[in-house]
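Encoded as structure tokens, the structure appears first; notes follow it.
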Amino acid sequence: MKTNALDSFVSDGGFVIEDIEVKGFMRYLERSTIGFPHKFTVITGRTGSGKTSILDAITFALYRRTSRIDLPNVKIENICQQGGYVKITFYQGSDRYEVTRGLTSSGSSYVTLRINGTSINGTIQEIDAKMQDIIGLDYVGFRNSTFVRQDEMRELGAQTGAQRLEIFQKLFRLETFERAQDIAAEKLNRVLMDIGAMQSALGVMREQHSRLPEKEEEYFLLKKDIECERRRLNELEKTIAANECSLEELKGRHEEFLEARGKEAEVSRALAGLEMKIAKFHEDNLKTQKLKRLVSRLAMETRDYELLQTEWDVLKEKEQKVASIQKQKQIYEVQIRQAEADYKREFDELSARYNVQKSRLDRITTDIDKETAFSLLKSEGALGERIARIDLELEWLKGNEDLVTRLKREQGDTKRELGEVSLQTKKIDVDSFVRSEIQEGLKHIQNDMQRKQEGYHEKIRGIREEIQGIQAEIDAIGFESHEENRLNEIQQLLNIKRQKKGELDRIRGELEICKDYDALIEDLTGQKTQKEFELKDLRDSLRRLQEYETQYRAVESELRKLKERRRELDGIIHGREGEMKQLTKEIENLQNIGEQIRELEDELKKLQETSEVLLLLKDKIFHKKGIVKHSVDQLLPHLAAESSSNLSDLTDGRFNKVWLRSYEANNRYGIRIEVEGPDGIFHDVQEFSGGEKTQINASLRFAIAKELASMPQVGKSFGRMKTLFIDEGDLGSLDTEISRELFVKKLFDMGRFFDKVILITHLTEVAEKFPARIRVDMTPEGKSKMEVEDGL
């Protein structure tokens, strides 16, 4: 079951860890899971094996932060691999929570949250905010309340008073007041800058407002100028009206003049066009006569074109036939050359093989071939068997002298024959079997050479017969050299005559569209005469109307000047009216500036009051001598009493008084830590031995842890925590077994204030005192691994 209501679960109570699972985180590359079922647990292992990384895993899962990521240039990808994650299970009150944070296989961040087995949906930011609401603390508050790191234990007594004060501020979140002081200083600077800017603005505005009387005087003078120009404009309007009446009376004659002048221009253009056409037709008529003479000459020169084309077609056809047959002949000639080359190459290869085998045969020394060798070996074996058989028969028939005599004679003959055969078999060697093989190979090569030669001659004979037949066809067509020359000659003539024939067709086409220019010229000449008479009449009318046109143009020119003057006066009046509007706006703005000056003066007074308050906060309230010192002074008495009790337990009563107090020297503030020594005198913690200093530091840090764990919930800074992690605790400086036992005893005593107390240490003798132990080791490959030791 899933829900989208992130605020549906609200838990009270402190953080109690149950178990942790890691994979691909820092050096924990393989999946490892450990639980914390007991109240007291120790995590042990050699230095550098990855024990402290467990604390980083917890804050990574809860807050996406670790002591490594807090360092510069360290990112989440540097401590968590792709596919890696950390899963934490814990209780807050009666509710069980399970949070898993890591990187997907593609490198994307994710976080999941389950509350009492129910998955909670939301973005990473929403779930992170929900986690802080559940735990009740932010990252720093959780770390201070839950972890006691090794450096914190050591630094309390090792640092200067000012540095101790900084550690107290860090643990109890008093650095908030330093940040508040910085904020107040920053705000004060901004307010002072605003005051300076406002004072500068007021100076500028007051200087602007001082120009108000001058602008009001300028407005009055400009208004008088506009009234004067308007009177001049009225007089000009009357003069324009009189001239417009005169122009209207002359308008009829002016229109007659314009009409006559337009017709005169039109007739002049028509007359010029007629003259151009007549000249053009005369020119075209001369070109036409020239083209007709050229047509006659070209027709005479191309009259035999068709006869030549027919003769060329016949010869060209014969040439193409002969060329086609010649190509076939050339193909066969190529085949002959190819066959000769193939035959020579194959025959040479066979000859080379023959010579190689013949050379091998000549190098063989024995004259016994394979068949003879087999026969001799067979005979030698048979003779040996025969001698052996006779020996047996002699043994069997030794009582029969006649048979024994014959057998011995046969035995002697057989042994002599075996001796002769053995002399021959001694000549048998490897060459005897190779000789036959080579001789057989030579016969095969000779047969192949013979077949190649016969095939070559047969193929050449067939190709040559084809070539003879093709040559007969060529001879039958009879395309001789004189016919070839005639074909080339006709080709050249046709090229020339074809060009001339094309020119002839083009000119004939031009002549077909030519007109009867003589008739056209006669008609245009009559039109020209008529237009000349019409033009004379129009020019006489223009001379009569010219006097009226002169009067019209004079009145029109005067009227144009009067109107131009009117436009100038209008422009002057409009410009000055615009200036007057602008002056009106400027006067209004200056009047508004007066009101703004009064408002800014009131605001400046408020800012000056605010700056006094911020200065007080910066230098008095949030300063170390203010709230910080007061808060520390309130904490120190209770911490001193608790530390004294803790120190008595840790030293078995040897030291039992711790004095904590703040101080100021040379404008620097700090905390003094002094302990009463065996001599009854209080000494600074720096004066004690290393082991004693560790006990003092532990007594104070245990007191601080108890104080932090018991403080009420205050925002995200403080809250009730029920799990305490102690990282090393500087136990290595405790040089006696008793001091370590007392430290562990005091640590067990802290169980009164915490549900889970978990110590991280590399000291085996300390780890053995815990009922629950977790071992962290480093593999040869550099991987950290966790395992539960016997006893859990």
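Using R₀ = 56 Å, calculate the FRET efficiency as 1/(1 + (r/R₀)^6) where r is the Cβ-Cβ separation of Thr610 and Asn666; round to 0.05.
Step by step, r from the Cβ atoms, then E = 0.95.
Compute the semi-axes of the equivalent ellipsoid of segment 178-295, taking the square root of 5 times each eigenvalue of the Cα gyration tensor, and list them largest first in whole Å.
Equivalent ellipsoid semi-axes, largest first: 86, 42, 8 Å.
With both bridge residues required to lie in the chain, what share of the DSSP beta bridges run antiparallel, to the nearest 5%?
Working: 49 of 67 bridges.
Taking every DSSP beta bridge within the chain, about 75 percent pair in antiparallel fashion.
Excluding residues fewer than 8 places away in the same chain, name every one of the lysines whose C-alpha is closer than 24 Å to that of Lys263.
Lys251, Lys277, Lys528, Lys531, Lys536
Just check segment 428-575 against the gyration tensor rule for me: Cα atoms, a ≥ b ≥ c as the square roots of the eigenvalues, rounded for a/c under 1.5, and otherwise prolate or oblate depending on whether a/b exceeds b/c.
Since a/c reaches 1.5 but b/c is at least a/b, the shape of segment 428-575 is classed as oblate.
How far apart, in nanometres, would the label points at Glu510 and Lys415 be if each is projected 7 angstrom from Cα along the Cα-to-Cβ direction?
13.4
Using Cα-Cα distances under 8 Å and only pairs 6 or more residues apart, what relative contact order does the chain have, in percent? Numbers along the way, then the final one.
On the way: 964 pairs, mean separation 216.4, N = 792.
Worked out over the chain, it gives 27 percent.
Please give the net charge around Pro678, taking every other residue with its beta carbon less than 12 angstrom from that of Pro678, where Lys and Arg add +1 and Asp and Glu add -1.
Within the 12 Å Cβ shell, the charges total -1.
Points 7 angstrom from Cα along the Cβ direction at Lys280 and Ile496: gap in nanometres?
Taking the two extended label points, one gets 4.0 nm.
Return the FRET efficiency for the residue pair Thr365, Glu458: r is the Cβ-Cβ distance, R0 is 41 Å, and the value is rounded to the nearest 0.05.
0.45
Under 23 Å Cα-Cα from Lys783, which lysines qualify once same-chain neighbours fewer than 8 residues away are excluded?
The reachable lysines, counting only those whose Cα sits under 23 Å from Lys783, are Lys23, Lys51, Lys75, Lys87.
Please list, ordered by chain and number, the residues whose modelled amide H lies under 5 Å from the amide H of Gly670; skip anything fewer than 5 residues away on the same chain.
Tyr663
Could you sort Glu346, Glu728, Glu781, Glu534 by accessible area so the largest value comes first, with the probe set to 1.4 Å?
Working: Glu346 55, Glu728 20, Glu781 135, Glu534 80 Å².
Order by accessible area, largest first: Glu781, Glu534, Glu346, Glu728.
5 Å is the cut-off here: which amide hydrogens, built 1.01 Å from N in the peptide plane, fall below it relative to Ile726, excluding neighbours closer than 5 in sequence?
Val148, Ile758, Leu759, Ile760
Picking from Tyr110, Ile774, Ser351, whose Cα lies most toward the positive end of the charge dipole for the chain (charges on Cβ: Lys, Arg +1; Asp, Glu -1)?
Highest projection toward the positive end goes to Ile774.
When the helix-only estimate is applied to the chain (DSSP H runs of n ≥ 4, each -39,500 (n - 2.57), divided by the residue count), what is the mean residue ellipticity at 222 nm, nearest 500 deg cm²/dmol? Spell out each step's value before the answer.
Details: 19 runs with 529 residues, N = 792.
Taking each H run of at least 4 residues, the total per residue is -24000 deg cm²/dmol.
In Å and from the alpha-carbon atoms only, list the Rg and Dmax of segment 505-611.
Considering segment 505-611 through its Cα atoms, Rg and Dmax are 40.6, 115 Å.
Students often forget the sequence filter, so: which lysines lie under 17 Å Cα-Cα from Lys290 once same-chain residues fewer than 8 apart are removed?
Correct list for Lys290: Lys280, Lys500, Lys515.
For labels at Lys398 and Leu221 in the simple 7 Å Cα→Cβ model, what's the distance in nm?
18.0
If R0 is 60 Å, what FRET efficiency do you get for Glu768 and Lys187 from their C-beta distance, rounded to 0.05?
0.55
Stretched out fully, how many nm does the piece from Ala272 to Arg46 gain, at 0.36 nm a residue minus the Cα gap?
Fully extending the segment from Ala272 to Arg46 adds 69.3 nm.
What order, most packed first, do the peptides 757-768, 576-587 have when packing is the mean number of other Cβ atoms within 10 Å of each residue?
Working: 757-768: 19.6, 576-587: 13.5.
Highest to lowest by the protection proxy: 757-768, 576-587.
Rounded to the nearest 20 debye, what is the charge dipole size of segment 356-500 about its Cα centre when +1 sits on each Lys and Arg Cβ and -1 on each Asp and Glu Cβ?
Here the size comes out at about 440 debye.
Please compute the per residue accessible area over the chain with all protein chains in place, 1.4 Å probe, rounded to a whole number of Å². Mind showing how you got there, number by number?
On the way: 45710 Å² over 792 residues.
I get 58 Å² per residue for this part.
Let's see if you can work this out: charge +1 on each Lys and Arg Cβ, -1 on each Asp and Glu Cβ, no other charges. What is the dipole magnitude of the chain about its Cα centre, in debye to the nearest 20?
Dipole magnitude for the chain comes out near 640 debye.
Sorted by mean Cβ packing within 10 Å, highest first, what order do the peptides 741-747, 196-202 take?
The densest-packed peptide leads the list: 741-747, 196-202.
Could you tell me the number of lysine pairs in segment 301-394 with C-alpha atoms less than 23 Å from each other, where the two lysines are 8 or more residues apart or belong to different chains?
Counting lysine pairs in segment 301-394 gives 9.
What percentage of the solvent-accessible surface of the chain, computed with a 1.4 Å probe over protein heavy atoms, is contributed by carbon and sulfur atoms?
Result for the chain: 50 percent of the exposed heavy-atom area is carbon or sulfur.
Send over the Kirkwood Rh of the chain, from the inverse of the averaged 1/r over different Cα pairs, rounded to one decimal Å.
45.6
Output the peptides 649-659, 20-30 sorted from most to least packed, where packing is the average of other Cβ atoms within 10 Å over each peptide's residues.
The densest-packed peptide leads the list: 20-30, 649-659.
Kindly report, to the nearest 10 Å², the accessible surface of Asp128 as traced by a 1.4 Å probe over protein heavy atoms only.
It works out to around 40 Å².
What length, rounded to one decimal in nm, is gained on full extension from Glu558 through to Thr779, with 0.36 nm per residue of separation minus their alpha-carbon distance?
Here the answer is 68.1 nm.
The values are calculated or read from the model by the stated rules, or taken from the named source; none is laboratory data. Since the model is a prediction, treat every value here as computed from it, not as a measurement. Note that each Cβ is placed from the backbone with ideal geometry, even for glycine, and that neighbours are counted across all protein chains shown. Note: areas computed on protein heavy atoms with side chains; ligands, DNA, RNA excluded. Shrake-Rupley method; radii C 1.70, N 1.55, O 1.52, S 1.80 Å.
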